[in-house]
Amino acid sequence: MVEIKFNGQRYAYWQQVHISASVDDLAASVTLAVTRPGTGQRLGVDANTVIEVLIEGTVVTTIRPDSIRRHVDANSHSIDIEARSLGRELIDCQYSQTLSGLSLDEIVKRLCSTFNVPVQVTAKAAVVPDFSLQCESPANALINAARAANLLLYATPDGGLLLTEPSSAAPVATLVYGEHIESYTVVDEYKLRYSDYLVKGYDYRNDLALKGAVKDSGITFFRPLHIMADKTGQGVGGCDRRATTERNRRQARANRIDLEVVGWTHAGGVWDINSQVRVIIPDEDIDGVYLIGDRAFTLDDQRGSMTRLSVMKREAFLGDPAPGKAKRGAKHKAKSQDERLIYATDLE
């Protein structure tokens, strides 16, 4: 059963549910809907209301509403809620901030504190010499910096964020097709991959051009992706690690398995992202341990309660095992438009 809890009230028995989270997103997303006889009343929620969402009594996310729709006719009324967890402010807001000489975990804590977003840190990262935002979304800069450091930054049940390493813990469950897995999709999305990854940057302190490059041996024709590195990446692994991480993440998303499992829980509790699971699909010669990258709890009239899991190899979330030094180019003055100061931006 899914419930929402706020201001000492609980509402349960939602007829349609979709609760999703990803290791690549700072906010979980929630959609709830119900239709009842009669005219009904307002839910008592406004823009400031903080709502806990529970599955079988366990809090799975903490949200603020993005929108609430009430429809009333002569015989019934319906309520539709769309909401995201508290980290949404880091995604939606445009903000300016300059920080120097702090480690990535300290930067995450400071920005989360500014937006009143709870944060947990279980990993340490290198010092970021310069972290700059100019009228930008903080989420973009934080995600890019976390990737460059081989770390994950994602939403937690309290609505906040966790900065941590990809899980290396034992699988929480074994899923076998025909027993636990109702259906599966093997995804090969080749358009996400490139033959050559080149990340360019600039060390303004030492007046040096920087670059890092890596190849995807699985793409044998010329299909390059050139990226202008954000400023924050230089202190947490440099351009080489940024290029390797970009390749690995794209390989993971391009070669993944989407699973549909009956129910919302396993023996240890509810399914969660950044946990590992053993997947066995004999017809596909699949028998291995995978990391859960995306997870969605769903409920509808046709199929009941289901969990959709996107799983991929843990190695896909890792770049180089240790920070490498970016290759240095010729020393020159940054005067042209192409060599302007690059602040933290969203790099696809």
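The values are calculated or read from the model by the stated rules, or taken from the named source; none is laboratory data. Treat the numbers as computed from the prediction; the structure is a model and nothing was measured. Every residue, glycine among them, receives a Cβ derived from its backbone with ideal geometry; neighbour counts consider all protein chains shown.
Going by what's in this entry, would Leu26 be described as touching a Gly at 6+ places or on another chain (Cβ under 7 Å), closer than 22 Å to Thr156 by Cβ and either assigned to a strand (DSSP E or B) or at pLDDT 95 or above (or both)? So Leu26 passes the test. Among the residues of region 268-307, those identified as hydrophobic (A, V, I, L, M, F, W, C) and within 27 Å of Gln16 (Cβ to Cβ) are Val270, Trp271, Ile273, Val277, Ile292, Ala296, Phe297, Leu299, Met306.
I'd like to know if region 150-163 contains one or more residues that are more than 24 Å from Ile51 (Cα to Cα), polar (S, T, N, Q) and modelled with pLDDT under 95. The answer is yes, given that some residue of region 150-163 is more than 24 Å from Ile51 (Cα to Cα), polar (S, T, N, Q) and modelled with pLDDT under 95.
With within 19 Å of the chain's Cα centre (by Cα) and either at positive phi or aliphatic (A, V, I, L, M) (or both) as the only criterion, which of Leu162, Leu102 stands out?
Leu162
Does region 138-154 contain at least one residue that is part of a strand (DSSP E or B) and surrounded by fewer than 19 Cβ atoms within 10 Å (Cβ to Cβ)? The answer is no; no qualifying residue exists.
Check region 124-141 and report whether any residue there is within 19 Å of the chain's Cα centre (by Cα), of a type in the set (S, T, N, Q) and over 11 Å from Leu26 (Cβ atoms). Taking every residue of region 124-141 in turn, none turns out to be within 19 Å of the chain's Cα centre (by Cα), of a type in the set (S, T, N, Q) and over 11 Å from Leu26 (Cβ atoms).
Might you check whether a residue that is surrounded by fewer than 20 Cβ atoms within 10 Å (Cβ to Cβ) and among the charged types (D, E, K, R) occurs anywhere in region 91-99? Within region 91-99 (the criterion being surrounded by fewer than 20 Cβ atoms within 10 Å (Cβ to Cβ) and among the charged types (D, E, K, R)), the answer is yes, since at least one residue qualifies. Determine whether Tyr184 is in contact (Cβ under 8 Å) with a residue 60 or more places away in the chain, crowded, with 19+ Cβ neighbours inside 10 Å and either assigned to a strand (DSSP E or B) or of a type in the set (A, V, I, L, M) (or both). Yes, satisfied. The residue that is farthest from Pro166 (Cα to Cα), counting only those in region 18-55 that are acidic (Asp, Glu) and within 24 Å of the chain's Cα centre (by Cα), is Glu52.
Please find, within region 295-319, the residue that is modelled with the lowest pLDDT out of those that are surrounded by 12 or more Cβ atoms within 10 Å (Cβ to Cβ) and either in the same structural domain as Ala229 (by TED's automatic domain parsing) or under 16 Å from Thr164 (Cα atoms) (or both). Per the stated criteria, the residue is Gly319. Scanning region 252-298 for residues that are in a helix (DSSP H, G or I) and touching a helix residue (DSSP H, G or I) at 6+ places or on another chain (Cβ under 6 Å) gives Ala252, Arg253, Ala254.
If you take the residues in region 63-90 that are farther than 14 Å from His18 by Cα and β-branched (Val, Ile, Thr), which one is surrounded by the fewest Cβ atoms within 10 Å (Cβ to Cβ)? If we take residues in region 63-90 being farther than 14 Å from His18 by Cα and β-branched (Val, Ile, Thr), then Val72 is surrounded by the fewest Cβ atoms within 10 Å (Cβ to Cβ). In region 248-292, the residue that is surrounded by the fewest Cβ atoms within 10 Å (Cβ to Cβ) out of those that are in contact with a strand residue (DSSP E or B) (Cβ under 6 Å, 6 or more places away or on another chain) and small (Gly, Ala, Ser) is Gly263.
Sub-6 Å Cβ pairs linking a first residue in region 270-285 that is more than 17 Å from Glu179 (Cα to Cα) to a second residue that is surrounded by fewer than 16 Cβ atoms within 10 Å (Cβ to Cβ), at least 6 apart or interchain, are Val270/Thr58; Gln276/Val289, ordered by first then second residue. Could you check, for region 67-80, whether at least one of its residues is within 19 Å of the chain's Cα centre (by Cα) and closer than 23 Å to Ala155 by Cα? No, region 67-80 contains no residue that is within 19 Å of the chain's Cα centre (by Cα) and closer than 23 Å to Ala155 by Cα.
With respect to the stated conditions, Tyr197 is of a type in the set (Phe, Trp, Tyr), surrounded by 17 or more Cβ atoms within 10 Å (Cβ to Cβ) and at pLDDT below 95.
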